[in-house]
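Q: Got a structure for you, written out below as structure tokens; questions coming shortly.
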Amino acid sequence: MSNHYETLGVARDASPEEIKKAYRKMARKLHPDINPSPEAAEEFKRVSHAHDVLSDPEKRRIYDQTGNENGQAQGGFGGGGFGGFGGFSDIFETFFSQQPQGPASRTRQGQDALINVRIDLKDAVFGTNKPITVDTAVVCDVCGGDGCEPGTHPETCETCKGQGYMQRQVQSILGTVVQPVECPSCKGFGTVIKHPCQECYGEGRVRERKPLTVKIPAGVNSGARIRLSGEGEAGTAGGPNGDLYVELRINPDPTFMREGDDLHARVGISMAAAALGTTISLDTFDGVQKLDIKAGAQSGDVLTLKELGVQHLRKNGRGDLHVHIEVRTPTDLSREEKALLEKFAELRQEDLQQSETISEKQGFFSRIKDRFDK
């Protein structure tokens, strides 16, 4: 292993400023952009590695004590070294960049897209195939996506000779160095389209309203996203399409409210029907269902219809339908109806001016009722 102090040409007690100054002086002579010879490249590796060790106080302390960097790679400058110029100091990262690998491709993948789609609650219960229309970028039919007028093709850029970049000399603290810059004529593509397609103006794609069908699984909730692979925007110059994401929003239903995979509904019955009992019909998503109301029904009573709720999303079966009873008290009694109710109260020996205190607890139905009322 070479002596790092000798490599930089400084004494062992050299100050950090002396080490930095010596490094800069040698780098101006040996950097590959200034001196492309293989010998200079190897010498520059050693100089850079020596500077990396001696400019770091901890690495320098270990080196002075042991003669090595305590496990730092010594062959090929791996690890904390500079194999392949992988660890230049910040000063060189500022002034030098890697040589471009060639002209850029015009082909670009299209962007992903996100749209909102509204569905009815019944569609969420059973699932459906929803037709939609999206405004998106599609491949141009005239040029087939290459952006050129039919019968023409991209031509090699005369400015950069197809490289996509040019060399520019700039002044730095290291002197005159050469940096690659994007060709202003072809924008880095290496080719120019002299006869762009008149339909898409050289983009290779146009805007269009495209019909699609989205398969919506049973059991989805508002906010769920469905990915349609390859249905996003077409890429430029024939690039692949992006993806389309469909975000679902479920419309409020006039009859049913969803909670998890259960459905809830409120039905009102008359005071007489509640007292005497009755059978009512309820139009559900599964058709008309008959509900037997027992005599003496009270507001807040709940009848549960099993397996008439929402389909479970990731397992078999469905939630339940809960029907909440609400007894309606008449407010527009005729004189005859009023007399009959007073006779009814007399027969039951009820004191119309006496009340009974009931402990009020906000139960499940009260919470459901509050949600409906909102």
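Q: Do you know which residues across region 114-157 are open to solvent by 80 Å² or more (accessible area, probe 1.4 Å), under 30 Å from residue 220 (Cβ atoms) and not acidic (Asp, Glu)?
A: 114, 116, 118, 122, 126, 129, 131, listed by residue number.
Q: Would you mind stating whether residue 168 is at pLDDT 90 or above, surrounded by fewer than 14 Cβ atoms within 10 Å (Cβ to Cβ) and of a type in the set (Lys, Arg)?
A: Against the criterion (at pLDDT 90 or above, surrounded by fewer than 14 Cβ atoms within 10 Å (Cβ to Cβ) and of a type in the set (Lys, Arg)), residue 168 does not qualify.
Q: Got a number for residues in region 207-223 being open to solvent by less than 30 Å² (accessible area, probe 1.4 Å) and more than 30 Å from residue 150 (Cβ to Cβ)?
A: Residues meeting the conditions: 5.
Q: Also, I was wondering about something else. What residue, among those in region 179-220 that are part of a strand (DSSP E or B) and touching a Phe, Trp or Tyr at 6+ places or on another chain (Cβ under 9 Å), is modelled with the lowest pLDDT?
A: Out of the qualifying residues, it is 179.
Q: When region 322-332 is examined, which residues are found to be surrounded by 12 or more Cβ atoms within 10 Å (Cβ to Cβ) and either more than 16 Å from residue 276 (Cβ to Cβ) or outside the structural domain of residue 278 (by the TED database) (or both)?
A: 322, 323, 324, 326
Q: Closer than 24 Å to residue 191 by Cβ and touching a strand residue (DSSP E or B) at 6+ places or on another chain (Cβ under 6 Å): does that describe residue 145?
A: Considered against the rule, which asks whether it is closer than 24 Å to residue 191 by Cβ and touching a strand residue (DSSP E or B) at 6+ places or on another chain (Cβ under 6 Å), residue 145 comes out as yes.
Q: Name the pairs: first residue in region 240-262 and free of Cβ contacts under 8 Å to residues at least 60 places away in the same chain and surrounded by 16 or more Cβ atoms within 10 Å (Cβ to Cβ), second residue in a loop (DSSP other than H, G, I, E, B) and among the β-branched types (Val, Ile, Thr), Cβ to Cβ under 9 Å, at least 6 apart or on different chains?
A: Here the result reads 261/310, each pair linking region 240-262 to a residue that is in a loop (DSSP other than H, G, I, E, B) and among the β-branched types (Val, Ile, Thr).
The values are calculated or read from the model by the stated rules, or taken from the named source; none is laboratory data. All values reported here derive from a predicted model rather than from experimental measurement. We place every Cβ from the backbone using ideal geometry, glycine too, and count neighbours over all the protein chains shown. Ligands, DNA and RNA are stripped out before the accessible areas are found, and what is left, the full protein with its side chains, is counted by its heavy atoms. Shrake-Rupley method; radii C 1.70, N 1.55, O 1.52, S 1.80 Å.
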